[in-house]
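Nothing in this text is a laboratory measurement; each read-out follows from the coordinates by a stated rule. Quick caveat: nothing in here was measured; it's all calculated off a predicted structure. Methodologically, a virtual Cβ is constructed for each residue, glycine included, from the backbone with ideal geometry; neighbour enumeration extends over all protein chains shown.
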């Protein structure tokens, strides 16, 4: 039987990225469609977060979550290009 999506939302731990304590709900559903990229690193000692995510995310979402991150310079250049494209459209 699969756990409900909100089963672990009450759990709380320190977030090394943001520097304060957060509930699992925030890590599971930040301001993007995917969970935080560090969710596996942060929660694996608390419960089987990998199995939980595999039960609730598609194969493609899991692959995107596990994909290597782009370096900062590439991300900055992409953000600048996106802003320019939005400026042209608007």
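Looking at this structure, is residue 37 under 26 Å from residue 4 (Cα atoms), in contact with a helix residue (DSSP H, G or I) (Cβ under 9 Å, 6 or more places away or on another chain) and not in a helix (DSSP H, G or I)? So residue 37 fits the description; yes.
Screening the stretch 45-90 for helices (runs of 4 or more DSSP H) wholly inside it with 3 or more residues that are within 29 Å of residue 12 (Cα to Cα) returns the ranges 49-56, 59-66.
I'd like to check something: does the stretch 6-26 contain any residue that is in contact with a helix residue (DSSP H, G or I) (Cβ under 9 Å, 6 or more places away or on another chain) and assigned to a helix (DSSP H, G or I)? The answer is yes, given that some residue of the stretch 6-26 is in contact with a helix residue (DSSP H, G or I) (Cβ under 9 Å, 6 or more places away or on another chain) and assigned to a helix (DSSP H, G or I).
Table: residues versus (1) surrounded by 10 or more Cβ atoms within 10 Å (Cβ to Cβ); (2) farther than 30 Å from residue 2 by Cα.
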| position | (1), (2) |
| --- | --- |
| 31 | no, no |
| 41 | yes, no |
| 65 | yes, no |
| 80 | yes, yes |
| 85 | yes, yes |
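Restricted to the stretch 43-65, and to residues there that are touching a residue at least 12 places away in the same chain (Cβ under 8 Å) and within 11 Å of the chain's Cα centre (by Cα), the residue that is nearest to residue 19 (Cα to Cα) is 65.
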